[in-house]
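So the structure is just underneath, and the comments pick up after that.
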Amino acid sequence: MKWLSYQYRALAVAARRLFAQPLVTLLTALALGVAISLPAGLYLVLDNVERLAGSLPTQPEISVYLAPDAEAAQRNALAAALRKHPRIAAARFVPRDEALKTLAESYGLADVIDSLDKNPLPDAWIVIPRVADGAALTALKAELQKLPGVAEVQTDSAWAERLAAALALGKTVVMLLATLFGIALVAISGNAIRALILTKRDEIEVSRLIGATDRYIRRPFLFLGALQGFFGGLMAVGVLAVAGMLLRPAVGRLAALYGSQYQLRPPSLIEIGIVLAATTLLGVLGAWLAVAHTLRQVEPPR
Amino acid sequence: MISFSQVSKRYPGGHEALVNASFTIERGELVFLTGHSGAGKSTLLKLIAAIERPTSGVVSVNGQNVGRLPRRAVPYLRRNIGLVFQDHKLLFDRNVIENVLLPLDIAGSDRRESFRRARAVLDKVGLLNREKSHPLSLSGGEQQRLCIARALVGRPALLLADEPTGNLDAGYAADIMAMFRDFHRVGTTLVISTHDDRAIAALGGRVLHLDHGHIVSGAAS
């Protein structure tokens with residue numbers, strides 16, 4: 001009970017100190033908000049790109065070529081296996097004659113093909129997998145390769161792999177930026193708190209003389225750091241909301257030109273919560289460092 | 001209540017503020033510290049409140065060796081000591097009653113009870129009608145009374161006052177000293193450093209006289 005009332009009063013003191021200098025508070029929150037909105041914004045952009053990629057109709061295809069000497073039983077078993085496979089969305093059989101005809105028609109190679117004395121193409125299955133990322137495709141390919149009667153498997157997964165690699169790179173950049181701007185946040189918050197502690201020198205000295213513990217003196221400043229971080233987080237969310245509002249019509253128009261209903265996805269409540277929690281914690285960390293360092297300077301000489 | 005045993009305090013740079021001081025002060029006693037400025041009066045008071053630590057010797061308050069007190073225990077010692085400063089050390093970013101509430105807030109007292117006690121003590125020093133005023137709007141004597149109210153609100157058994165009337169004219173000084181006499185009558189132990197001979201004569205009590213860090217008289221009660 002007593003503990004709770006200490007916390008509550010420290011929070012009240014912290015809030016009063018923040019609102020006593022609204023301009024400083026606002027500017028600090030703005031600095032924190034802009035810093036945090038950069039990695040958070042990049043994360044949202046990547047997430048949107050990833051979602052857009054997932055919704056694209058161009059799925060990777062796998063071509064399964066049959067061995068010329070495959071027996072009828074093997075062919076039937078393969079057909080059944082492909083149709084029932086949980087990670088295959090659709091499978092279409094392409095007989096070798098049809099493949100040759102398509103080749104002749106669509107690529108204008110009729111003369112060349114006429115001159116062949118026998119069809120060099122094997123029978124094949126065109127498989128559309130349910131999975132899209134590179135690792136899963138490679139695994140599926142290896143699995144299909146092992147089926148009896150299969151001569152060769154080719155995937156058209158280069159595109160998917162490149163996209164996955166680019167997104168992975170982007171995520172690394174997000175982590176890197178988040179770390180850097182997290183450090184910046186700690187520094188900004190710590191510096192603001194340090195300046196405030198120095199203006200409260202008298203109060204700290206008097207409080208010590210009349211029996212204040214270090215914890216009592218530290219507590220309001222830690223709450224201050226927390227509040228400042230929280231406001232910074234709110235500001236970041238605000239910056240992203242404004243950016244989203246500005247981008248939304250343009251994205252909608254572009255999507256409409258491609259006949260798509262695609263819309264920008266706003267951050268979820270959980271993501272907003274994570275940003276606020278992270279900025280609050282980093283604010284506390286900055287305050288802690290500032291307090292630990294500065295209180296020693298304010299210490300009366302022994 | 002307080003005992004000094006061969007206590008010396010040497011400041012960095014070699015200045016010896018207190019040399020081989022030995023004396024005891026009983027519970028409920030009223031003791032004046034006298035001597036020229038720089039004689040070691042402030043140092044002696046600071047040693048009692050653990051604001052300074054002795055270079056050698058033992059300072060004991062309520063049976064606790066104050067000089068050896070771990071850092072984290074010092075605040076709890078100070079909560080039992082009322083401190084009155086010559087320069088008041090008031091906080092000018094809050095009003096009169098908030099200054100008095102500070103020690104109770106630090107001790108984590110119940111808020112409503114704190115207000116009740118703060119008003120009672122402001123009444124005692126005659127500042128109840130100024131509770132919402134700003135400390136800067138108070139006269140020097142009123143500021144000193146406010147400082148005393150803050151020192152007393154925690155009901156300390158021991159009150160240390162460092163030249164409490166040093167900056168005040170005679171009328172205010174007599175007021176303050178009369179107040180100290182009342183506290184002495186209700187059993188508070190008081191140690192007051194002063195130049196004010198009239199006050200000493202009026203209040204009685206033991207006089208501990210210091211000269212260049214040496215106790216020259218009053219060590220034995």
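For this structure, a couple of remarks:
- Region B:20-95 shape via C-alpha gyration tensor axes, a/c threshold 1.5: oblate
- In this simple spin-label model, placing a label point 7 Å from the Cα along the Cα-to-Cβ direction at both A:Ala277 and A:Ile183 gives a separation of 2.5 nm.
- Straightening the chain between A:Phe93 and A:Ile128 buys 11.4 nm, computed as 0.36 nm per residue apart minus the Cα-Cα spacing.
- Given +1 at the Cβ of Lys and Arg, -1 at the Cβ of Asp and Glu and no other charges, the dipole of region A:62-156 around its Cα centre is 600 debye to the nearest 20.
- Listed by Cβ neighbour count within 10 Å, with the fewest neighbours leading, A:Asp111, A:Asp123 appear as A:Asp111, A:Asp123.
- Quarter of the Cα convex hull surface for region B:1-132, i.e. its orientation-mean projected area (nm²): 10.0
- Each of A:Asp117 and A:Glu71 was given a label point 7 Å from its Cα along the Cα-to-Cβ line. The distance between the two points is 3.1 nm.
- Placing a label point 7 Å from the Cα of B:Ala120 along the Cα-to-Cβ direction, no residue of region A:1-45 has a backbone N closer than 14 Å.
- Backbone N under 20 Å from the A:Val45 label point (7 Å along Cα→Cβ), restricted to region A:242-264: A:242-255, A:262-264
- Whole-Hz ³J(HN,Hα) from phi, Karplus 6.51 cos²θ - 1.76 cosθ + 1.60, for region B:157-162, glycine and proline x: 7, 10, 10, 10, 10, 9
- Chain B, relative contact order in percent, only Cα pairs under 8 angstrom and at least six apart counted: 30
- Cα pair count fraction exceeding 11 Å, expressed as % - region B:63-102: 74
- Scanning residues 5 or more positions from B:Gly35 or on other chains, those with amide H under 5 Å from its amide H are B:Leu210, with H placed 1.01 Å from N in the peptide plane.
- Relative contact order (percent, whole number), chain A, Cα cutoff 8 Å, 6+ residue spacing: 29
- Size of region A:62-156 from its Cα atoms: along the principal axes, largest to smallest, the extents are 41, 30, 17 Å.
- Förster-model FRET efficiency, 51 Å R0, B:Asn65 and B:Arg111, C-beta, rounded to 0.05: 0.90
- For B:Asp93 and B:His212, a Förster radius of 45 Å and the Cβ-Cβ distance give a FRET efficiency of 0.70, rounded to the nearest 0.05.
- When chain B is treated as a Gaussian network with alpha carbon springs shorter than 10 Å, the biggest mean-square fluctuation among B:Arg111, B:Arg155, B:Arg119 belongs to B:Arg111.
- Sorted by Cβ density within 10 Å, fewest first, the residues B:Ser3, A:Ser106: A:Ser106, B:Ser3
- Cα-based helix-to-principal-axis angle, A:22-55 vs chain A, degrees rounded to 10: 10
- Per DSSP, loop chymotrypsin sites (Phe, Trp or Tyr not before Pro) in region A:254-298 with at most 10 further Cβ within 10 Å: A:Tyr258
- Degrees separating the helix A:214-257 axis from the principal Cα axis of chain A, which is the longest one: 40
- Counting neighbouring Cβ atoms within 10 Å and putting the fewest first, the residues A:Leu116, A:Leu30, A:Leu140 line up as A:Leu116, A:Leu30, A:Leu140.
- Taking only the Cα atoms of region B:87-221, the radius of gyration and Dmax are 15.7, 48 Å.
- About its Cα centre, the protein assembly as shown has a charge dipole of approximately 2100 debye under the convention of +1 per Lys or Arg Cβ and -1 per Asp or Glu Cβ, with nothing else charged.
- Region A:177-292: Rg to Rh, with Rh as the Kirkwood radius over Cα pairs: 1.23
- Relative contact order of region A:62-156, taken over Cα pairs closer than 8 Å and 6 or more residues apart, is 52 percent.
- Selection of trypsin sites (Lys or Arg not before Pro), region A:81-156, meeting DSSP coil and at most 15 other Cβ within 10 Å: A:Arg87, A:Lys118, A:Arg130, A:Lys146
- Highest-fluctuation residue, A:Thr172, A:Thr213, A:Thr280 considered, GNM on chain A with Cα pairs under 10 Å: A:Thr213
- Considering only B:Ile148, B:Phe115, B:Gly35, the residue lying farthest towards the positive end of the dipole of chain B is B:Phe115, judged by Cα position with unit charges set on Cβ.
- Of A:Ile113, A:Ile128, A:Ile217, the one that fluctuates the most in a GNM where chain A has Cα springs shorter than 10 Å: A:Ile113
- If you look at the Cα atoms of chain A, you get an Rg and a Dmax of 31.7, 106 Å.
- Averaged over the residues of peptide A:199-212, the number of Cβ atoms from other protein chains lying within 10 Å of each residue's Cβ is 6.
- Label-point gap, in nm, between A:Ala135 and A:Gln7 - each point 7 angstrom along Cα→Cβ: 4.0
- Under 5 Å, built H, 5+ apart or other chain: amide partners of A:Ala90: A:Ile128
- Computed 3J(HN,Hα) for region A:93-106, one whole-Hz value per residue from the Karplus formula 6.51 cos²θ - 1.76 cosθ + 1.60 where θ = phi - 60°, is 8, 10, x, 4, 5, 5, 4, 5, 5, 4, 4, 4, 6, 7, glycine and proline marked x.
- Number of partner chain Cβ atoms within 10 Å, mean per residue of B:90-103: 2
- Exposed loop sites, defined as GluC sites (Glu not before Pro) outside DSSP H, G, I, E and B with at most 16 other Cβ atoms within 10 Å, are absent from the longest region of chain A, namely A:72-302.
- Hull volume in cubic angstrom per residue (convex hull over the Cα atoms of the protein assembly as shown): 232
No lab work stands behind these numbers, since they all come straight from the coordinates. Given the structure is predicted, the values throughout are model-derived calculations rather than measurements. Backbone-built Cβ (ideal geometry, glycine too); neighbour counts: all protein chains shown.
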